[in-house]
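Chemist: Could you have a look at this structure, given as structure tokens, before my questions?
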Amino acid sequence: MATIEAVPNFSEGRNEETVKAITDAAAAVSGVKVLDVQSDGDHNRMVLTLAGDLEPVMDGVMAASKVAIEKIDLRNHQGEHKRMGAVDVAPFVPVSGIKKKELKKAINEFGERFANEFNVPVYMYYDSAKQPDRVKLPDIREGEFEKFAEKIKLPEWKPDFGPDTVHESAGCTAVGIRPFLIAFNVNLKTTDVDIAKKVAKAVRGSSGGYATVQGAGFMLDDLGLAQVSMNILDYKKTAIYRVLETIKSEADRYGVEIDGCELVGMAPMDAFLQCAEFYMKMNGKLEGQMIEKKIWET
């Protein structure tokens, strides 16, 4: 049996009833396991983590998306996180038991199904991208919901599936296969959001930092802290501790300390074992000595 993870991101993090309704819709699909749900009011976004066999997981994403599109109106949406759709992105991650070629075909069909059922333009991204300039999600999402009505008219931004006009309340959606992504945030002891933006610029690949890191600086009004919000696209190439140490060093230039860190959604255990090995100065790898992992594998 194939095991797939899906991590759909929805543009709602403040209305608890909507967050629950979206989650419940996915959980009601037979064969779907809801591993995690996180929502954030400042970002006004929720991240749902589902796992199971391929068909049930795809059905779970569709069920959750149906509720999201019915309840979320981007014309009235504000939040720190960039977004172009009520269902902003629907990534699928192969875990075990399926070949990439087989999954690619299934997710391509899913993208078409999503567009047809919800009348929402769909852009295939990352390993499912049909064009080189659609591999990276930030490239697709540039301009966000507010400017997409004009962007979509450009020949180079014709959707892969669905209408050539933006859905009036649900915007557009990105769909694709990607590796494990770690959404990791670092809060700084400052209310100066410009410092967070400068630190984010130092670590993100698009401005000369780590090639597999995306990052931006935000203000968390409810906590009174500035935040460096990141996606670590490949923790095996860029370890979390390496990014964290860089942030610590860059923030220190401005006399600012780290207040704390936050993991959004799920992540592979190995990514944090790397951190333990680094900070504890271990002489060898911890992976083979974790009793829970050994029990799970037997």
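The values are calculated or read from the model by the stated rules, or taken from the named source; none is laboratory data. What you see is a predicted model, and the numbers here were worked out from it, not measured in a lab. Backbone-built Cβ (ideal geometry, glycine too); neighbour counts: all protein chains shown. Note: areas computed on protein heavy atoms with side chains; ligands, DNA, RNA excluded. Shrake-Rupley method; radii C 1.70, N 1.55, O 1.52, S 1.80 Å.
Chemist: What value does the range 1-156 have for Rg/Rh, both radii from Cα atoms and Rh as Kirkwood defines it?
Modeler: On the way: Rg = 15.1 Å, Rh = 15.9 Å.
Rounded to two decimals, Rg over Rh is 0.95.
Chemist: Using a cut-off of 15 Å between beta-carbons, work out the net charge of the residues near K236 (Lys and Arg +1, Asp and Glu -1, K236 not included). Can you show the working numbers first?
Modeler: Values: positive: R178, K237, R242, K285; negative: D234, D270, E277, E287.
Once all neighbours under 15 Å are counted, the net charge is 0.
Chemist: Starting from the 7 Å offset along Cα-to-Cβ, what nm value, one decimal, do you get for the label separation of D221 and E150?
Modeler: Taking the simple label geometry, D221 and E150 are separated by 2.7 nm.
Chemist: Placing +1 at every Lys and Arg Cβ and -1 at every Asp and Glu Cβ, with all other atoms neutral, what dipole size does the range 165-232 have around its Cα centre, in debye to the nearest 20? Write out the running numbers ahead of the final one.
Modeler: On the way: 6 positive and 5 negative charges, 74 e Å.
Around 360 debye, computed over the range 165-232.
Chemist: Sorting check: for 193-199, 88-94, 150-156, which peptide has the highest mean count of neighbouring beta carbons within 10 Å, and how do the rest follow?
Modeler: On the way: 193-199: 20.0, 88-94: 23.7, 150-156: 11.4.
Packing proxy ranking, top to bottom: 88-94, 193-199, 150-156.
Chemist: Could I ask something else about it? Determine the order of L35, L48 by accessible area, beginning with the largest, at a probe radius of 1.4 Å.
Modeler: Numbers: L35 70, L48 0 Å².
From most exposed to least exposed: L35, L48.
Chemist: Sticking with this structure for a sec: Just name one of V228, M269, A251: the one whose Cα is farthest towards the positive end of the charge dipole of the range 223-271 (beta-carbon charges, Lys/Arg +1, Asp/Glu -1).
Modeler: Going by the charge dipole, the pick is M269.
Chemist: Go ahead and estimate [θ] at 222 nm for the chain from helices alone: -39,500 (n - 2.57) per DSSP H run with n ≥ 4, summed, over the residue count, rounded to 500.
Modeler: -10500 deg cm²/dmol
Chemist: Using only the alpha carbons of the chain, determine the length spanned along each of the three principal axes and report them from longest to shortest in whole angstroms.
Modeler: That works out to 52, 50, 39 Å along the principal axes.
Chemist: Per residue, how big is the convex hull around the C-alpha atoms of the range 74-174? Give it to me in cubic angstrom, could you?
Modeler: Details: hull volume 9.8 nm³, N = 101.
Spelled out: Cα convex hull of the range 74-174, divided by residues, is 98 Å³.
Chemist: Under 12 Å from the Cβ of D73, count the other residues' Cβ atoms, weight Lys and Arg +1, Asp and Glu -1, and hand me the total. Kindly include the intermediate steps, with their values, before the conclusion.
Modeler: Numbers: positive: K71, R75; negative: E12, E70, E168.
Around D73, the surrounding residues sum to -1.
Chemist: How about K285: which aspartates and glutamates have a C-alpha closer than 17 Å to its C-alpha, ignoring those fewer than 8 places off in the same chain?
Modeler: Partners within reach: D270, E277.
Chemist: If you build the convex hull over the alpha carbons only and average its shadow over all orientations, what do you get for the range 222-298? Give it in nm² to one decimal.
Modeler: Details: hull surface 28.1 nm².
Dividing the Cα hull surface by four gives the mean projection, 7.0 nm².
Chemist: Okay, moving on. Once the cut-off is 29 Å, how many percent of the Cα-Cα pairs in the range 120-267 end up in the long-distance tail?
Modeler: On the way: 2952 of 10878 pairs.
Tail fraction, whole percent: 27.
Chemist: I would also like to ask the following. Relative contact order for the chain using alpha-carbon pairs under 8 Å, separation at least 6, rounded to a whole percent? Kindly include the intermediate steps, with their values, before the conclusion.
Modeler: Numbers: 635 pairs, mean separation 46.6, N = 298.
About 16 percent, as a whole number.
Chemist: Taking a cut-off of 17 Å between Cα atoms, list the aspartates and glutamates near K33, but don't count ones fewer than 8 places away on the same chain.
Modeler: Within the straight-line limit of under 17 Å, K33 reaches these aspartates and glutamates: E5, D24, D53, E55, D59.
Chemist: Something else about it: log10 I(q)/I(0), Debye, Cα-only the range 3-60, no solvent, q = 0.12, 0.19, 0.30 Å⁻¹?
Modeler: -0.25, -0.60, -1.16
Chemist: Within 12 Å, Cβ to Cβ, of K20, how many net charges do the neighbouring residues add up to if Lys/Arg are +1 and Asp/Glu are -1? Please report the intermediate quantities before stating the final value.
Modeler: Values: positive: K71; negative: E12, E16, E17, D24.
Result for the neighbourhood of K20: -3.
Chemist: Next up: Name the residue, out of T173, T238, T23, whose mean-square fluctuation peaks in a Gaussian network model built on the chain with Cα pairs under 10 Å.
Modeler: For the chain, modelled as a Gaussian network with Cα springs under 10 Å, the answer is T238.
Chemist: Filter K101/K136; K20/K189; K136/K281; K248/K293 down to the pairs with a C-alpha to C-alpha distance above 23 Å, please. Write down the numbers at each step before the final one.
Modeler: Working: K101/K136 20 Å; K20/K189 32 Å; K136/K281 35 Å; K248/K293 31 Å.
Result: K20/K189; K136/K281; K248/K293 exceed 23 Å.
Chemist: Let me know the charge dipole size of the chain about its Cα centre in debye, to the nearest 20, where only the beta-carbon of Lys, Arg (+1) and Asp, Glu (-1) is charged.
Modeler: Values: 38 positive and 46 negative charges, 202 e Å.
The calculation lands at about 980 debye.
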